[in-house]
Amino acid sequence: MSDPESNPRRRMLERSALMVGGLLVAPAFVTAKEKQRRLGANASNVFTSPQKELVRSLCDTILPETDTAGALTAHVDDFISDTLELWCTPLERRAFLTGLDAFAQNCKSALDKGFTGLSAADRLAFLEPLDRDAVEARKKRVDPLPFFATIKELTLIGYYTSEVGCNAIGYAGPIGTLPGRDGPLNTPVWI
Amino acid sequence: MANGNVYDAIVIGSGITGGWAAKELCERGLTTLVLEKGPPVVHGESYTTEHKPDYWFAFRGMGDRQRVMIDQPIQSTGGSYNEASAHFYANDRLNPYTHDPDKPFTWIRGHQLGGKSLLWYRQCYRWSDLDFTANLTDGIAVDWPIRYADIAPWYDYVEKFIGVSGRAEGLPQLPDGQFLPPLPTNVAEDHMMKVLSERFPDRRATPGRTAVLTQTHHGRSPCHMCGPCERGCSVGAYFSSLSSTLPAAQATGRLSVRTNSIVHSIIYDPTRNRACGVRVVDAVTRRSTEYSAKVLFVCASALESVRLLLNSADSHFKDGLANSSGILGTHIMDHQWGIGASGELSGLPLADGYPSGFRPSVLIIPRFRNVTTRNQTFTRGYQMECSGSRVGWQRGIAELGLGADLKNRLKNLGPWQAQFDANGECLPYADNTMRLNKSVVDAWGIPVPHFAVTYRENEAKMRADMAASCAEMIEAAGAKNVTLTTETAIPGISIHEMGGARMGRDPHTSVLNAYNQAHDVPNLFLADGACMTSSGNQNPSLTYMALTARACAHAVEQLRDGRI
């Protein structure tokens, strides 16, 4: 197989098990208010305004606008909010929100300033040690994963599975299906 | 044409063998009714997720997890289950089953026209006499009533029709077939084929023999390498009932298909000793109807077929139809799966950017244990798969990096990765069983199966050797940062579940004869994985298809001669 995309079992595991630490928790299943069940449609209302601002700043720092569009253009903040509401268990949602608030508090304690108020360079500098911890935690299969590991994962998934992200990377969905690319369907290239 | 509810033949199930039975019986002149328990699927038109990018899906390919946990918690562990193929998997809530508490069992099902032929991994391997004589040689279970010479012409027949791409190797344990050119391999796979053959002369890596076309074949187009086959293939590049056998049956004008038709039981006529028809429950209206025919082919998938015979017990066959031997529901098998190794291959050519093609197959390393010498601590053997791939943006989740650097890095694929997996034979044990659990019924009131299936000492010893082989071969391939996987082997998870109504020569110790024909009821044929007397280590679908075509020819001959 030429790409992990070709093994859906691994892909599904990669996407779900990483996030929940391999532990599936039965959800308190609420369908009373049947919203549009579609991630990224901004159908949810999980965050307070300060939380939403903080999530936007984090996404923008993890995947900023460069020569291609960034996470905010791809509405990754909405994707995260919807994922917490429509995809995660209540336990996972609470853990994320608790982690988000703790992150805000830690930043204020350390720098005497909110994360959203930092310069782009200072934001990166503040996140780098957290990124190292997150990578280590994954290697050691820590469960639950630290907050930053989760938001980084959600940001990457939200971005690279969006139309904006797929176009930015020159690739959409299953390999060879990007509309408009020259001959992708009949000129397979494996290297 | 058939008159009312009366046909020459009834085929129960429309999957990989039901499709073959329909084609063969129709082409041999029989009016044939195919009964499918699931809804209709229209080839092409119903493949609604084909060629769709991630953002087309409501859950971006991650699946509607909250719904999955309720409706498909078991099916979602199946190999090609994902948001884009979930609709081709059964609903666990409506189709429950039970198992011994200490013997977990995974039962993956595809309830729709075409069955699991839409979802299979398309690997096609012949058996050899190493497999057909295995039980006799080892003194295990009963001997197969057939040998390679009996089935070889039917392998030819099936391969010529379905189209199998592959490479002839001249290996006695994995006979060559009627191959179309093999699917092209990538540089990592070329590298692995070379180094493995140098280091292990008895382990021949060869392009997977795959029912995916590399050239136009019977009006079907070659593979355009678009991606995940389980979404359906509207050009018919991979073989399924919908792309091939059902259209061939339809072309005869003798085929009738009834979907949403759950066969509750088979009706047996003791005065004539014949199965005379079936009781069908409409999945939607729940109305009951009976259909009758001169010959019945049960192709419902191994365990559903056994369940149906168990549920067809009557005053004559108290323990299940055609079960005077008491063998029905015993000797359930699957292939052992979950042992593997992955690692990084450096030093291979890398091109920038994403590749635009997808290779719908792997390399295969045919069985090399207990082939020419018997010096292992276990009996039988295993087959390995290996493949080379490059990881996309997903690797960024676990790697260090943030901001513009991360984004720029993920524009390119990661390094080449090697992946090895092993699939091992499981012995047939009398006490690996399924029976009917009459205290639990499915959504249509039919008792569900209860499984008691577990792997034993021979399987455990084989697994240890499978793991050692994966480790030494990935090292020989030159991989670094190797990860070994040894998942718990839950029977059923390979989706190669088989046995339960084995073939044999003696009616006292087997359910079916050499032609998949019930010893007890001569116009009743079971043509799917239920017939298997041992499991081999090859992906089994090709053998099921060849046995089915052979059984159909035999049935029609017997019908013509007035013997059934």
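Only one of the numbered conditions (1) out of contact with any Lys or Arg (no Cβ under 8 Å at 6 or more places or on another chain); (2) farther than 17 Å from B:ASN408 by Cα is violated by A:CYS166, and that is (2). Within region B:458-484, being under 17 Å from B:GLY388 (Cα atoms) and of a type outside the set (Gly, Ala, Ser) holds for B:CYS470, B:GLU472, B:MET473, B:ILE474, B:GLU475, B:LYS480, B:ASN481, B:VAL482, B:THR483, B:LEU484.
Here is a check on your reading of the model: is B:PRO428 more than 7 Å from chain A (Cβ to nearest Cβ) and modelled with pLDDT under 90? No. The numbered conditions (1) closer than 19 Å to A:ALA41 by Cα; (2) out of contact with any Cys (no Cβ under 7 Å at 6 or more places or on another chain) are all true for A:ASP77 except (2).
As a summary of the residue check, B:MET69 satisfies the conditions (1) buried (at least 22 other Cβ atoms within 10 Å of the Cβ); (2) outside any loop (DSSP other than H, G, I, E, B); (3) more than 22 Å from the chain's Cα centre (by Cα) except for the one numbered (1). The residues of region B:11-31 that are out of contact with any Phe, Trp or Tyr (no Cβ under 6 Å at 6 or more places or on another chain), under 16 Å from B:VAL295 (Cβ atoms) and among the β-branched types (Val, Ile, Thr) amount to a single one, B:ILE12.
Within region B:126-154, how many residues are over 18 Å from B:ASN370 (Cα atoms) and either surrounded by fewer than 18 Cβ atoms within 10 Å (Cβ to Cβ) or not β-branched (Val, Ile, Thr) (or both)?
The qualifying residues number 11.
Exactly one residue among B:ASP8, B:ASP54 is farther than 27 Å from B:GLY338 by Cβ, surrounded by fewer than 20 Cβ atoms within 10 Å (Cβ to Cβ), charged (D, E, K, R) and in contact with a helix residue (DSSP H, G or I) (Cβ under 9 Å, 6 or more places away or on another chain), and that residue is B:ASP8.
If you check B:ALA313, B:ALA322, B:ALA341 for being over 21 Å from the mean Cα position of the chain (by Cα) and under 30 Å from B:CYS470 (Cα atoms), only one passes: B:ALA341. Scanning region B:147-185 for residues that are among the charged types (D, E, K, R) and in contact with a Ser or Thr (Cβ under 6 Å, 6 or more places away or on another chain) yields B:ARG167, B:GLU169.
Of all residues in region B:92-118, none satisfies the criterion of being touching a Pro at 6+ places or on another chain (Cβ under 8 Å), free of Cβ contacts under 8 Å to residues at least 40 places away in the same chain and not charged (D, E, K, R). Among what's in region B:426-464 and is in contact (Cβ under 8 Å) with a residue 12 or more places away in the chain and among the acidic types (Asp, Glu), pick the residue that is surrounded by the fewest Cβ atoms within 10 Å (Cβ to Cβ). My answer is B:ASP431.
Yes/no per residue for (1) aliphatic (A, V, I, L, M); (2) farther than 21 Å from B:LEU436 by Cα; (3) in a strand (DSSP E or B):
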site	(1), (2), (3)
B:SER256	no, yes, yes
B:ILE267	yes, no, yes
B:ARG272	no, yes, no
B:ARG286	no, yes, no
B:LYS294	no, yes, yes
B:ALA300	yes, no, no
B:ALA313	yes, no, no
B:LYS318	no, no, no
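Answer yes if at least one residue in region B:9-19 is assigned to a loop (DSSP other than H, G, I, E, B) and among the polar types (S, T, N, Q), and no otherwise. Yes, there is a match, as at least one residue in region B:9-19 is assigned to a loop (DSSP other than H, G, I, E, B) and among the polar types (S, T, N, Q). Residue count for region B:147-166 under the criterion of being touching a residue at least 40 places away in the same chain (Cβ under 8 Å) and out of contact with any Phe, Trp or Tyr (no Cβ under 7 Å at 6 or more places or on another chain): the result is 8. The number of residues in region B:168-183 that are in a loop (DSSP other than H, G, I, E, B) and either within 23 Å of B:PHE132 (Cα to Cα) or in contact with a helix residue (DSSP H, G or I) (Cβ under 8 Å, 6 or more places away or on another chain) (or both) comes to 11.
Within region B:231-251, the set of residues being surrounded by fewer than 24 Cβ atoms within 10 Å (Cβ to Cβ) and either outside any loop (DSSP other than H, G, I, E, B) or aromatic (Phe, Trp, Tyr) (or both) comprises B:PRO247, B:ALA248, B:GLN250.
Scan region B:515-564 for residues that are of a type in the set (A, V, I, L, M), assigned to a loop (DSSP other than H, G, I, E, B) and in contact with a helix residue (DSSP H, G or I) (Cβ under 7 Å, 6 or more places away or on another chain) and the total you get is 2. Residue pairs whose Cβ atoms lie under 9 Å apart, separated by 6 or more positions or on different chains, with the first residue in region A:124-136 and within 7 Å of chain B (Cβ to nearest Cβ) and the second small (Gly, Ala, Ser) and part of a helix (DSSP H, G or I), are A:LEU124/B:GLY403; A:LEU127/B:GLY403; A:ASP131/A:ALA149; A:VAL135/A:ALA149. Quick one: A:ALA95 ticks every box in (1) within 13 Å of chain B (Cβ to nearest Cβ); (2) farther than 15 Å from A:GLY165 by Cα; (3) modelled with pLDDT of 95 or more; (4) in contact with a Pro (Cβ under 9 Å, 6 or more places away or on another chain) bar one, so which box is it? Unmet condition: (1). Considering (1) part of a loop (DSSP other than H, G, I, E, B); (2) within 14 Å of chain A (Cβ to nearest Cβ); (3) in contact (Cβ under 8 Å) with a residue 24 or more places away in the chain, the lone condition that B:LEU400 does not fulfil carries the number (3). Residues that are within 12 Å of chain B (Cβ to nearest Cβ), in a helix (DSSP H, G or I) and under 11 Å from the mean Cα position of the chain (by Cα) within region A:61-77 comprise A:ILE62, A:VAL76, listed in sequence order. Scanning region B:39-74 for residues that are β-branched (Val, Ile, Thr), over 30 Å from A:ALA168 (Cα atoms) and more than 7 Å from chain A (Cβ to nearest Cβ) gives B:VAL41, B:VAL42, B:VAL68, B:ILE74.
The values are calculated or read from the model by the stated rules, or taken from the named source; none is laboratory data. Because the structure is predicted, anything quoted here is derived from the model rather than measured. Positions of Cβ are generated from backbone atoms using ideal geometry, with glycine treated the same way; all protein chains shown enter the neighbour counts.
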